[in-house]
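*Asks:* Next up is a structure, given as structure tokens.
The values are calculated or read from the model by the stated rules, or taken from the named source; none is laboratory data. Small disclaimer: the values here were computed from a predicted structure and weren't measured. Virtual Cβ from ideal backbone geometry, glycine too; neighbours counted across all protein chains shown.
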Amino acid sequence: MIAPRRKYLSTSLVLAVLALSLGAIAPSSAGVASKKASSQSLTESVARGASRSDSGGQGEGRELAEALQFAKTGKYAEASTRLFQLSLSPRFVEKRMQIRYLLGLMLYQMKMYQLSAFQFISVIREGNNKYISQSLEKLSLAANELGDETLLNYAISRVKAESFPAVHRDMLFYRIGEFQLRNEQYKEAIRSFEMVPDQSPLLDKTLYLKGLAYAQSSDAASAAKVFNDLIERKKEAPVTDMARVAAIMGKARALYQSKNWDEAIQTYREVPRDSELWHDTLFESSWAMLRSGRFRSAISNFQSLHSPYYEESYLPESLLLRSIVYLYICQYDEMDKVLLLFSKIYRPVFKSVSDYLEKVQNPVQYFNDVVKVIQASERPGFDPSQLHSNVPYLLVRKVVKEGDFQRSYSYIKKLIAERRIIRAMPGAWKASAIGKYSLQTLDRRIERARAKAGREIRNHMIVVKAELVDLFEQEGFIRYEMINGKKELLKKRLAGKDLPKGQIGEDNSRDYYIQNGFEYWPFRGEYWLNELGNYHYVGTQSCE
């Protein structure tokens, strides 16, 4: 029998933290103070570089001093051109790490974060030089701007928190906790999140992930408390504030995990309908309703969940769950209709996925095909039925919600934005050695990132294929129960037994609802957007 996914609590995590996890995180808890600190750090670095360059030969010292003077006066393009040339010159071998560190600073100031990161990495990997600690600090900030997991993991695995500038330490602890959470080090992640100060702009994100860490470590009570703290913190925010909505969802999932069905259902209902997470709450709360025996409420949810407004959502479990509810109340005809709908929608999806996996092997094509669908869906007047794609739209909608793909896609978009900066540079800079190096390096990096994202998409397609095989098997078991139920029902009718026609789940009739302020409008196959979430199933059950 179908049951909640093993990772039920973290289902749709990326969607739930859409506004919490995408994009670069502000590296400072002090806003303007952060910019001043960065500017001061740059000035100090350049000043140190200038003082150390005086010890070289007169010609070498003059060349380096000229590059540093460009840096101190804010002429980063000119400085980067000179420093790049000096970094390749055999005459500056002894000062190469200093030059590369300063070159990284120039590129960082020009918002070329990926290119600056490569310079800092080269200094760190060289080892045994005076610029390792500063390079680790700057690499952490560049990686944070890019949101690149590989660079972040590389940096935070080597940096020492006590030596990290206080103005950026909240970002460091947040990122360390995030890394530990992904690696299922829940207790360590909680300790890291607790190091983020209350005045940090990262606190909302920190509290959400801290609650998730508690939940994943099976401490649902602590998870609910942390999520509730975040809800209280955001009580003055708009009802659709993403941090607030994500916290409500987290709390509801924690209550579900505690088997507190009624409170979980009530908490799910606090999610506003105009939130993009509301559709998820309908499905998740339906599980709680089923577990608590509230079959009528569950069917009412499904009426909204399976409306035409959501027909492009990938949610095969919801149809099987609806059929199980009908099985419990012996509504076999309705059950048969739902199972037929499940087959009609998801068997073609299974065939398309299977054919695509067999036909396409190039990971970049996986990425390109999915991005084409994403871009088409963002155009005004988009009609999924007119989409000509090898990848089903239902599947694309599922893949784009996956955390690894979202991080990769966001990273790729930032690399493309960095490439635009390079292409917008003056002609002299683009024609110089550093300009050619920068464009070639970013092109290669973008291609590798696309291939990585493509492999992630392929892996998700393989998982979807395996899940559908499992769901088709469960569909078979459910059909067997349906046929068996019909057989038993027929036996009783042939034996002349009258079956009761009681109400489903509770004794309230239509008159009860009308007397309590409800208007009764029979459902005749028409859906209205403002009615979603307001359906009340008042049918009868057919079980003895």
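*Asks:* Grab the helices (runs of 4 or more DSSP H) fully contained in the stretch 367-473, keeping just those with 2 or more residues being surrounded by 14 or more Cβ atoms within 10 Å (Cβ to Cβ) and aromatic (F, W, Y).
*Replies:* In the stretch 367-473, 403-423 are the helices (runs of 4 or more DSSP H) which contain 2 or more residues that are surrounded by 14 or more Cβ atoms within 10 Å (Cβ to Cβ) and aromatic (F, W, Y).
*Asks:* Here's a follow-up. Given the condition surrounded by 21 or more Cβ atoms within 10 Å (Cβ to Cβ), of a type in the set (F, W, Y) and modelled with pLDDT of 90 or more, answer yes or no: does some residue in the stretch 99-106 qualify?
*Replies:* Yes, the stretch 99-106 has at least one match.
*Asks:* Pairs only if they're at least six apart or on different chains, beta carbon under 7 angstrom, first in the stretch 321-345 and over 17 Å from E488 (Cβ atoms), second assigned to a helix (DSSP H, G or I) and of a type in the set (G, A, S); list them, first residue then second.
*Replies:* Partner pairs satisfying both residue conditions: L321/S286; V325/A298; V338/S323; L339/S323.
*Asks:* Looking at (1) assigned to a helix (DSSP H, G or I); (2) over 28 Å from the mean Cα position of the chain (by Cα); (3) closer than 19 Å to F477 by Cα, find the lone condition where S318 falls short.
*Replies:* Condition (2) is where S318 drops out.
*Asks:* Which of (1) in contact (Cβ under 8 Å) with a residue 12 or more places away in the chain; (2) farther than 25 Å from R291 by Cα; (3) out of contact with any Gly (no Cβ under 6 Å at 6 or more places or on another chain) does P363 not meet, given it meets every other one?
*Replies:* Result: P363 fails condition (3) only.
*Asks:* Got a sec? Which of E188, E162 is more than 22 Å from V123 (Cβ to Cβ), out of contact with any Ser or Thr (no Cβ under 7 Å at 6 or more places or on another chain) and in a helix (DSSP H, G or I)?
*Replies:* Selected residue: E188, the only one of E188, E162 that is more than 22 Å from V123 (Cβ to Cβ), out of contact with any Ser or Thr (no Cβ under 7 Å at 6 or more places or on another chain) and in a helix (DSSP H, G or I).
*Asks:* Can you tell me which residues in the stretch 270-309 are small (G, A, S) and assigned to a loop (DSSP other than H, G, I, E, B)?
*Replies:* If the condition is that a residue be small (G, A, S) and assigned to a loop (DSSP other than H, G, I, E, B), then S275, S292, G293, S307 are the ones that fit.
*Asks:* Scanning for something of a type in the set (A, V, I, L, M, F, W, C) and farther than 30 Å from N484 by Cβ, does the stretch 337-351 turn up at least one residue?
*Replies:* no
Yes/no per residue for (1) β-branched (V, I, T); (2) touching a residue at least 24 places away in the same chain (Cβ under 8 Å); (3) part of a helix (DSSP H, G or I):
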position	(1), (2), (3)
A77	no, yes, yes
S80	no, yes, yes
L86	no, no, yes
F92	no, yes, yes
I99	yes, yes, yes
L102	no, yes, yes
L115	no, yes, yes
F120	no, no, yes
N128	no, no, no
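*Asks:* Kindly establish whether K138 is over 22 Å from the mean Cα position of the chain (by Cα), free of Cβ contacts under 8 Å to residues at least 60 places away in the same chain and surrounded by fewer than 19 Cβ atoms within 10 Å (Cβ to Cβ).
*Replies:* no
*Asks:* Could you tell me whether the stretch 402-418 includes any residue that is out of contact with any His (no Cβ under 6 Å at 6 or more places or on another chain) and farther than 18 Å from A143 by Cα?
*Replies:* no
*Asks:* Here is a follow-up. Looking only at the stretch 229-238, how many residues end up being in contact (Cβ under 8 Å) with a residue 12 or more places away in the chain, assigned to a helix (DSSP H, G or I), over 19 Å from Y186 (Cβ atoms) and not aliphatic (A, V, I, L, M)?
*Replies:* Residues that pass the stated criteria total 1.
*Asks:* If you don't mind, there's one more thing I want to ask. Among the residues of the stretch 270-282 satisfying the criterion of being out of contact with any Leu (no Cβ under 8 Å at 6 or more places or on another chain) and surrounded by 15 or more Cβ atoms within 10 Å (Cβ to Cβ), which is farthest from L255 (Cα to Cα)?
*Replies:* Ranking the candidates gives S275 first.
*Asks:* What residue, of L209, L172, is modelled with pLDDT under 95, buried (at least 22 other Cβ atoms within 10 Å of the Cβ) and either in a helix (DSSP H, G or I) or not assigned by TED's automatic domain parsing to the domain that holds G147 (or both)?
*Replies:* L172
*Asks:* Let me spell it out: the conditions are (1) assigned to a helix (DSSP H, G or I); (2) more than 28 Å from E149 (Cβ to Cβ); (3) in contact with a Phe, Trp or Tyr (Cβ under 8 Å, 6 or more places away or on another chain); (4) not acidic (D, E), and S354 meets all of them except one. Which number is the exception?
*Replies:* (3)
*Asks:* Further, regarding this structure: Just one of (1) over 25 Å from S313 (Cβ atoms); (2) in contact (Cβ under 8 Å) with a residue 40 or more places away in the chain trips up A254, so point out which.
*Replies:* (1)
*Asks:* Which number in (1) of a type in the set (S, T, N, Q); (2) under 26 Å from the mean Cα position of the chain (by Cα); (3) under 30 Å from E488 (Cα atoms) marks the one condition that S297 misses?
*Replies:* Going through (1) of a type in the set (S, T, N, Q); (2) under 26 Å from the mean Cα position of the chain (by Cα); (3) under 30 Å from E488 (Cα atoms) one by one, S297 breaks only (2).
*Asks:* Another question, if that's okay. Specify which of the listed residues (F193, F179) is modelled with pLDDT of 90 or more, part of a helix (DSSP H, G or I) and among the aromatic types (F, W, Y).
*Replies:* F193
*Asks:* Test L212 against the stated conditions and say whether it is in contact (Cβ under 8 Å) with a residue 12 or more places away in the chain and within 23 Å of I176 (Cα to Cα).
*Replies:* Criteria met by L212.
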